[in-house]
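One structure is given here, and the rest of the page talks about it.
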Amino acid sequence: MSANTEPTTTDTPPFRYTSALAQDIELRWQDWWAEHGTFETPNPSGPLGDPELAAARGDKLFVLDMFPYPSGTGLHVGHPLGFIGTDVYARFKRMTGHNVLHTMGFDAFGLPAEQFAVETGQHPRITTEQNVATYRRQLRRLGLAHDPRRSISTTDPHYYRWTQWIFSQIFNAWLDPESGTARPISELVAEFESGARPTPDGRPWAMIPADERQQVIDDHRLAYVSDAPVNWCPGLGTVVANEEVTADGRSDRGNFPVFKRNMRQWMMRITAYADRLIDDLELLDWTDAIKTMQRNWIGRSTGANVHFGSPAGDITVFTTRPDTLFGATFMVLAPEHPFVDVLTTAEQAHAVADYRRQSSAKNEIDRTDDTREKTGVFTGSFAVNPLTGTQIPVWIADYVLMGYGTGAIMAVPCGDQRDFEFARKFGLDIPAIQRPPAAWLEDHGIDPDDPAALDTAAWPTSYVGDAPYVNSANDGLDLNGITNKADGIAKTNVWLEANGKGEATITYKLRDWLFSRQRYWGEPFPVVYDSNGFPHTLPDDLLPVELPETDSFSPRTFDADDEFSNPESPLDRLVDWVEVELDLGDGPQKYRRDTNVMPQWAGSCWYQLRYLDPTNDVAFVDPAVEAYWTGPRPELRPDHPGGVDLYVGGVEHAVLHLLYARFWHKVLYDLGHLSSKEPYARLFNQGYILAAAYKDEREVYVDAFSVEQRDGEYFYDERPVTREYGKMGKSLKNAVSPDEMYDEYGADTLRLYEMATGPMDASRPWETRDVVGMYRFLQRLWRNMVDEETGDCTVVDTAADAGTLKLMHRTIDVVRTEMDALRFNTAIAKLIELNNAVTKLEATPREIAEPMVLMTAPLVPHMAEELWRKLGHSDTLTYHDFPVADPNHLVDDTIEYPVQVNGKVRGRIIVATDADPATIEAVALADDKVIAATDGKSPKKVIVVPGRMVNIVV
RNA sequence: GCCCCGGUAGCCCAACGGCAGAGGCAGCGGUCUCAAACACCGUCCAGUGUGGGUUCGAAUCCCACCCGGGGCACCA
């Protein structure tokens with residue numbers, strides 16, 4: 001990139017704010033801050049403790065960025081948008097009386113480093129360390145005010161020792177259904193032993209053989225080994241979690257096909273927390289969008305299980321609308337449902353077998369494409385509707401999914417569109433059980449008063465909603481006339497339970513979290529298996545279980561489409577490591593180590609807690625330190641759950657990291673390790689930096705920086721290409737490195753540009769050519785205080801004129817408000833406005849210069865420190881008080897009012913600020929232009945909005 | 001199909017229901033320069049996606065629709 005802002009000739013003044021000077025200032029201050037430990041934040045106690053300093057700094061504030069993954073390509077200018085925003089906010093808060101904790105670590109385990117290792121043979125630790133070093137250099141160059149002592153890496157054994165410890169806590173806990181909270185597993189065993197809690201099959205605990213007892217215990221754990229359908233991804237050589245599978249059945253990393261397979265894997269019992277994960281969203285200051293995504297993912301449905309008698313035994317269905325049971329005229333089972341074999345009659349055997357073969361050959365995408373016409377076949381058998389006693393046919397169809405609910409539904413065609421379509425297609429009965437509103441009927445061309453309105457043959461669709469029930473009564477239950485479904489549901493549930501035909505229940509879409517990966521570059525499980533195959537966590541004094549050395553990092557690789565391959569962890573091959581002799585309390589015995597590693601999400605489930613107390617080697621965090629930084633704050637809100645005060649990151653982690661981290665946090669809270677119920681009290685989703693990307697005629701992205709624009713068309717290598725905008729990154733070939741910006745403009749300009757282009761939560765395109773605007777602002781600011789020839793400070797000690805003073809106080813007022821609300825773009829606009837006014841003065845008065853420097857400090861800290869020093873101060877301004885506006889300067893003696901006539905501005909009047917409405921009205925009506933505009937007509941009405949305007953209606 | 005978010009000047013963005021413009025880029029004119037770049041000074045530019053409604057007054061509130069981005073999706 002050409003450095004066209006570099007001084008290219010000798011006539012550039014030696015102390016002009018050029019990129020070279022910016023570089024000099026920035027590097028100097030970055031060194032100064034590091035030497036002086038400027039951004040070290042005191043804890044209230046412990047190794048990083050300094051209670052006096054913590055108290056002197058003010059109220060605590062914990063500001064957090066989402067944990068970055070240090071990729072091999074380094075940062076591009078899209079990454080630090082959030083980092084700069086939190087830095088500006090944290091710096092502002094330090095100047096307004098807060099003890100601010102802000103640091104950054106690295107989520108450094110993960111697939112890319114491992115894949116690089118597989119390709120090159122270079123150990124992923126080396127790759128990771130190099131990448132982390134690059135990130136640290138680029139982030140330091142940005143001037144972020146992080147406490148460097150608190151930075152951590154998930155790959156550091158001192159860190160993952162505690163990740164393993166937390167795993168052990170989860171493994172050695174169970175969820176007590178009575179209290180709804182996690183408790184130590186030892187308490188469960190004690191209750192079984194004492195008889196306080198009945199065993200699952202009722203036998204006294206002492207009568208149960210040891211290995212069965214072990215199984216009972218293991219079945220209660222919050223981390224457990226399960227033989228269940230999992231997502232097997234041969235392309236990655238590992239299994240992955242539901243959350244990591246995209247809607248079209250592929251891995252979100254690598255985009256490989258994913259297959260459902262039964263395999264023995266570690267699971268986390270996150271479903272036990274489903275209710276609390278939904279309900280506690282109420283306590284969080286998060287956007288509705290993210291809360292909705294979490295609610296949808298957890299997918300809580302309240303309803304009832306209903307049992308239908310059939311030749312194969314009771315078919316249980318889950319329904320959210322038991323009140324519509326009178327309208328259930330057939331049933332549909334998933335083709336894989338275990339009852340299908342028994343229910344299929346000889347005549348239907350052939351059709352059913354055919355259908356099952358067809359549907360099993362379909363992939364997930366085809367099966368869930370709801371534009372597809374309904375298909376299905378009759379099994380030949382009937383079941384009994386428990387409310388009506390009628391025999392209803394049992395069908396199979398692939399629109400019913402085995403993985404949701406019970407894999408069977410009752411079909412109520414008049415009240416469910418899918419069932420309606422199915423019934424229409426196959427000629428099944430569609431009796432009406434609700435009278436739809438007249439408006440609905442009229443909309444569909446049906447006369448509401450016609451007795452035949454309830455003949456569904458005329459209905460174009462099902463009717464879904466509240467409406468009075470009809471045809472809904474049997475000997476013991478009468479819903480007819482009830483108008484809302486809540487009452488109908490409640491009444492039906494009572495009947496079902498009283499008659500043993502069903503029970504109210506709740507289902508969730510959320511599944512337990514698949515927690516093991518057959519990879520190398522992750523946290524080993526702190527688990528060994530005894531000779532009977534039961535897992536045991538290792539005692540704390542054997543932690544960490546360090547990742548063993550090897551030069552074979554690759555899981556066994558498979559063809560991405562080889563569904564029937566089997567995972568094989570790289571650790572499996574390390575026989576000397578796997579086989580181990582230990583004394584776990586009953587004498588030395590041989591054990592086998594678990595050869596899985598944890599998923600990448602493990603390290604990010606609790607990292608913010610380690611920032612609080614990173615050097616603690618007796619606990620993952622000291623309770624007093626945790627309570628200080630993340631304890632509940634009832635003074636803000638009575639139900640404040642505690643947690644990070646401000647968490648900034650992209651929306652892409654809505655159901656992965658944010659759900660997993662909340663789950664771990666709640667377990668640790670239940671077990672008494674934390675005072676906060678939630679990890680992140682306030683979440684702010686930043687937008688993305690987008691950039692133009694160009695595709696050629698093959699739909700392949702071309703290097704965006706080699707594209708030429710001519711006459712509104714775009715060309716790459718003389719071939720036409722099409723432009724689109726996308727998230728900046730390697731894959732779109734449109735990434736701009738911050739290093740280029742440091743060279744051409746300096747870090748302060750880059751920071752300012754990123755903050756000025758829009759509000760923090762908005763995505764916006766990057767335009768390198770726009771950056772110069774902020775550079776010019778900084779040059780003017782510099783020139784207003786520094787002689788470009790000599791470098792001397794030109795600020796004068798004479799008083800400022802009233803107009804400038806007033807403008808400054810108004811600027812202070814707005815900048816304070818806007819920075820506090822994370823609206824840095826508008827704060828910057830006001831600072832530019834003030835600076836532009838100061839530019840017009842003969843000289844800059846000190847009483848203007850100093851507040852201006854302090855106000856810009858959070859945004860452009862290097863330049864602000866340099867100017868502060870030139871203004872004669874000897875210390876950093878990091879902890880200097882932010883300017884406060886003098887309210888006397890915020891009001892004028894007089895106000896100009898626009899005067900509207902019939903809503904159009906026709907004149908302007910100037911009146912005293914404290915003038916009463918009658919006076920304002922009189923002045924307005926006397927104005928020449930107003931008289932001309934009203935054309936002598938007498939006003940019908942005069943509206944005077946004090947402080948705003950006057951409107952005359954004629 | 002459903003749920004979020006957003007459409008204001010050529011571009012990025014501002015505007016407690018009250019004069020559509022704070023700021024930046026680009027453009028145009030000028031100063032500086034042998035010339036240019038940089039820098040500086042000045043200046044042009046829209047009636048707010050569309051159609052209704054509420055109101056004295058709507059970018060702002062309500063309804064419907066269109067466009068863009070994101071999420072969810074035979075979830076019973």
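The values are calculated or read from the model by the stated rules, or taken from the named source; none is laboratory data. On a predicted model such as this, the values are computed, not experimentally measured, just so you know. Cβ sites come from the backbone with ideal geometry, for glycine too, and all protein chains shown count toward neighbours. These accessible areas exclude ligands, DNA and RNA; they are computed on the full protein's heavy atoms, side chains included. Shrake-Rupley method; radii C 1.70, N 1.55, O 1.52, S 1.80 Å.
Some points to look at:
- For region A:897-954, trypsin sites (Lys or Arg not before Pro) are listed when DSSP marks them as loop and at most 10 other Cβ atoms sit within 10 Å of their Cβ; the list is A:LYS937, A:LYS940.
- Sparse-neighbour loop sites [GluC sites (Glu not before Pro); region A:12-50; at most 16 other C-beta within 10 Å; DSSP]: A:GLU40
- Helix A:157-171 axis versus longest C-alpha principal axis of chain A: approximately 40°, rounded to the nearest ten.
- Angle in degrees between helix A:288-298 and the longest Cα principal axis of chain A, rounded to the nearest 10: 20
- Tensor-based shape of region A:788-933 (alpha-carbon gyration tensor, a/c under 1.5 rounded, otherwise prolate or oblate): prolate
- Helical content of chain A, expressed as a calculated mean residue ellipticity at 222 nm, amounts to -9500 deg cm²/dmol (DSSP H runs of 4 or more residues, -39,500 (n - 2.57) each, divided by residue number, nearest 500).
- Chain lengthening between A:SER360 and A:GLU724 when straightened (0.36 nm per residue, less Cα-Cα): 127.1 nm
- Potential extension, A:THR96-A:ASP787 segment - 0.36 nm per residue separation minus Cα distance: 245.6 nm
- Local charge for A:MET66 was computed over the other residues whose Cβ lies under 11 Å away, with Lys and Arg +1 and Asp and Glu -1, and equals -3.
- Structural descriptor for chain A: relative contact order 15 percent, calculated from alpha carbon pairs under 8 angstrom and at least 6 residues apart.
- Gyration tensor verdict on chain A (Cα atoms; rounded if a/c is under 1.5, prolate if a/b is larger than b/c, oblate otherwise): oblate
- With the simple spin-label model, which puts each label point 7 Å out from Cα in the Cβ direction, the A:ASP576 to A:ASP617 separation comes to 2.7 nm.
- Gap separating the Cα centres of region A:630-655 and region A:299-345, nearest whole Å: 42
- Efficiency of FRET between A:ASP820 and A:HIS889 - r from beta-carbon atoms, R0 22 angstrom, step 0.05: 0.65
- C-alpha center-to-center spacing [region A:875-936, region A:237-253] in angstrom: 61
- Oblate is the label for region A:532-653, because a/c, from the alpha-carbon gyration tensor with a ≥ b ≥ c as root eigenvalues, is 1.5 or above and a/b does not exceed b/c.
- Environment charge at A:SER151 (Cβ cut-off 14 Å; Lys +1, Arg +1, Asp -1, Glu -1): -1
- What the Cβ-Cβ distance of A:ARG592 and A:SER186 gives, at R0 = 25 Å and to the nearest 0.05, is a FRET efficiency of 0.55.
- Taken along the Cα-to-beta-carbon direction at a fixed 7 Å, the label points for A:LYS940 and A:ARG125 span 8.5 nm.
- Taking the protein heavy atoms of chain A in the context of the full set of protein chains, the accessible area attributed to carbon and sulfur is 50 percent at 1.4 Å.
- A simple spin-label model places the labels of A:ASP252 and A:ARG556 2.9 nm from each other, with each point 7 Å out along Cα-to-Cβ.
- Centre separation in Å (Cα based) which lies between region A:104-158 and region A:715-748: 24
- Environment charge at A:MET819 (Cβ cut-off 11 Å; Lys +1, Arg +1, Asp -1, Glu -1): +3
- For the peptides A:485-493, A:611-619, the ranking by mean Cβ contacts within 10 Å, running from highest to lowest, is A:485-493, A:611-619.
- With Cα atoms, 0 to 90° folded angle of helix A:846-856 axis to chain A main axis: 20
- Per DSSP, loop GluC sites (Glu not before Pro) in region A:138-239 with at most 16 further Cβ within 10 Å: A:GLU178
- Over 25 Å between alpha carbons, listed pairs A:LYS374/A:LYS491; A:LYS733/A:LYS830; A:LYS695/A:LYS730; A:LYS291/A:LYS509; A:LYS60/A:LYS666; A:LYS830/A:LYS929: A:LYS374/A:LYS491; A:LYS733/A:LYS830; A:LYS830/A:LYS929
- Once the Cβ-Cβ distance of A:ARG203 and A:ASP583 is raised to the sixth power relative to R0 = 35 Å, the FRET efficiency obtained is 0.65.
- The Cα atoms of region A:892-953 define a convex hull whose projected area, averaged across directions, is 3.5 nm².
- For chain A, the solvent-accessible area of protein heavy atoms averages 43 Å² per residue (probe radius 1.4 Å; ligands and nucleic acids excluded).
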